[in-house]
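I have placed the structure first, in the form of structure tokens, so that the comments after it can refer back to it.
Please treat every number below as a calculation from the coordinates, not as lab data. Computed from a predicted structure; not experimentally measured. For neighbour counting, all protein chains shown are included, and Cβ atoms are generated from backbone atoms with ideal geometry for every residue, glycine included.
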Amino acid sequence: MIASYSHNDAYVSEDNSLPVGNRLVNAPRNSASLWTTYQIQKGNLQGLGFGGGLFFVGDREATLPNTITIPSFIRTDATIFYRRDNYEIGLNFKNLLDTRYYDSSGFLLAPGAPFTLLGTVSIKF
């Protein structure tokens, strides 16, 4: 199990052109995640595993000065996999509930990825 929490107090404290007190772009005040997996260790299903997680991103500003706020969201992901010896196959379900959210990278505000299914095959040498 992996759990995380972040509290970020990023704001303009001194500037000649930006309003003091404005929050920095794409810096949510709060964010958190919880992810866990389980793999069957014995029996006919040995190597079969599954997992799931929640990812929370709080409200954040899209512009400086702060005129557009990007709303918070919770995204749900899941996985199912089969792992043996030196190989693994799996399916990753990202944004399982097809949550509408927005990503920001400074100057670009874009919709977050919708429900996505990703298949993987890996071999260890």
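Worth pointing out:
- Single condition L64 does not satisfy, out of (1) over 30 Å from I123 (Cα atoms); (2) without any contact (Cβ under 8 Å) to a residue 40 or more places away in the chain; (3) surrounded by 11 or more Cβ atoms within 10 Å (Cβ to Cβ): (2)
- Hey, Y82 aromatic (F, W, Y), in contact (Cβ under 8 Å) with a residue 24 or more places away in the chain and part of a strand (DSSP E or B) or not: yes
- Of residues in segment 93-122 being without any contact (Cβ under 8 Å) to a residue 12 or more places away in the chain and in a loop (DSSP other than H, G, I, E, B), the one nearest to T76 (Cα to Cα): L108
- Single condition T79 does not satisfy, out of (1) surrounded by 15 or more Cβ atoms within 10 Å (Cβ to Cβ); (2) of a type in the set (V, I, T); (3) under 21 Å from Y5 (Cα atoms); (4) under 15 Å from the mean Cα position of the chain (by Cα): (3)
- Selection count where residues are loosely packed, with under 14 Cβ neighbours inside 10 Å and among the small types (G, A, S), scope segment 23-54: 1
- Segment 48-65, subset not charged (D, E, K, R) and not in a strand (DSSP E or B), residue farthest from the chain's Cα centre (by Cα): P65
- Taking the conditions (1) touching a residue at least 12 places away in the same chain (Cβ under 8 Å); (2) surrounded by 11 or more Cβ atoms within 10 Å (Cβ to Cβ); (3) more than 15 Å from the chain's Cα centre (by Cα); (4) farther than 25 Å from Y38 by Cβ in turn, F125 satisfies each one other than (2).
This table checks each residue for (1) in contact with a strand residue (DSSP E or B) (Cβ under 7 Å, 6 or more places away or on another chain); (2) among the β-branched types (V, I, T).
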residue	(1), (2)
R84	no, no
Y87	yes, no
L109	yes, no
T116	yes, yes
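- Test: residue in segment 35-47 that is within 20 Å of L118 (Cα to Cα) and in a loop (DSSP other than H, G, I, E, B): yes
- Pairs where the first residue, in segment 12-36, is of a type in the set (F, W, Y) and the second is surrounded by 16 or more Cβ atoms within 10 Å (Cβ to Cβ), C-beta under 8 Å, 6+ apart: W35/G51; W35/G52; W35/G53; W35/D77
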